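Report on the structure given below.
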Amino acid sequence: MSDDHDLDYSGVGTLVCRGKEIAVRVKIKGYFQPLNGLYTWYGRIDKNDALDALLAGRRTVAVFVTPEGRAECVVGDPDFWDRYRITGTSRPPYHIPTTLEDVESIAESEHHS
C-alpha cells in the first residue's frame, strides 16, 4: 500500500472505541468478495500516540467515521512502526463506486491526470 492512487481511502477520520473519540489518519483498500457477497476493507492507521495509549497493542472493536460515512471495524495488530491495522466487512465509511457511471467517471478522470 505504498502508492496513494492504489488506495480506496487515504485521509482523516475519527475512531470511536472504548468510550473515546480519537482523530486518526488512515490508508485503506477494499474489495468485493463475490463468494460471500461482502465488501471487505482493510488498511493501517498512521502512528497515533493517543490510540497506542488507549489500546496498548490490544485488539478492539470500534467505529470508524469519515466525512463520507461510518462503519464498524476491528482495530488490532500494530506493526513494527506502531501503525494499527483496521479492517471491516460492510459498506465502508467512504465512497466506493456502485454504478457503471461511477466507474467510468473515475476511469475518465484518471486518464486525464
message: What does the extension gain come out to for residue 98 and residue 53, with contour length at 0.36 nm per residue minus their alpha carbon separation?
response: 12.4 nm
- request: Quick one: what are the phi-derived ³J(HN,Hα) couplings along region 71-76, Karplus 6.51/-1.76/1.60 with θ = phi - 60°, whole Hz, x for glycine and proline?
  value: 7, 6, 8, 10, 10, x
- request: Grab the DSSP H runs of the chain that are 4 residues or longer, score each as -39,500 (n - 2.57), total them, divide by all residues and round the 222 nm result to the nearest 500 deg cm²/dmol.
  value: -5000 deg cm²/dmol
- prompt: For region 7-109, with the dipole built from +1 on Lys and Arg beta-carbon atoms and -1 on Asp and Glu ones, taken about the Cα centre, which of 39, 100, 61 lies farthest toward the positive end?
  reply: 61
query: Could you give the accessible area per residue of the chain, probe 1.4 Å, as a whole number in Å²?
result: 64 Å²
- request: Calculate the dipole size of region 1-102 relative to its Cα centre from +1 charges on Lys and Arg beta carbons and -1 charges on Asp and Glu beta carbons; express the result in debye to the nearest 20.
  value: 460 debye
task: Distance between Cα centroids, region 44-62 to region 12-38: provide it in whole Å.
output: 13 Å
task: Report, in degrees rounded to the nearest 10, the 0 to 90 angle that the Cα long axis of helix 100-111 makes with the longest principal axis of the chain.
output: 90 degrees
- prompt: Where in the chain lies the longest segment free of trypsin sites (Lys or Arg not before Pro) that are both loop residues by DSSP (not H, G, I, E, B) and have at most 16 other Cβ atoms within 10 Å?
  reply: 60-113
field: Per-residue HN-Hα couplings for region 53-65 [Karplus 6.51, -1.76, 1.60; θ = phi - 60°; Hz; x = Gly/Pro]
entry: 5, 6, 9, 6, x, 8, 7, 8, 8, 8, 10, 9, 10
query: So which GluC sites (Glu not before Pro) in region 19-103 end up in coil per DSSP with only 13 or fewer other C-beta atoms within 10 Å?
result: 68
statement: Whole-percent carbon and sulfur contribution to the accessible surface of the chain (1.4 Å, no ligands, DNA or RNA) stands at 51 percent
query: Which residue, 45, 96, 86, tops the fluctuation ranking in a GNM of the chain built on C-alpha contacts under 10 Å?
result: 96
field: Nitroxide proxy distance, nm - points 7 Å out along Cα→Cβ at residue 108 and residue 90
entry: 3.3 nm
message: Please list 3J(HN,Hα) in residue order for region 27-44, calculated via the Karplus relation 6.51 cos²θ - 1.76 cosθ + 1.60 where θ = phi - 60°; whole Hz, with x for glycine and proline.
response: 10, 10, 10, x, 7, 8, 9, x, 5, 10, x, 10, 9, 10, 10, 7, x, 10
- line: What the Cα atoms of region 7-109 span along the principal axes, largest first and in whole Å, is 44, 30, 26
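The values are calculated or read from the model by the stated rules, or taken from the named source; none is laboratory data. Keep in mind that this is a model prediction, so the values were computed, not measured. Neighbour counts run over all protein chains shown; Cβ positions are idealised from the backbone, glycine included. To get the accessible areas, we keep the full protein, side chains included, count just its heavy atoms, and leave off ligands, DNA and RNA. Shrake-Rupley method; radii C 1.70, N 1.55, O 1.52, S 1.80 Å.
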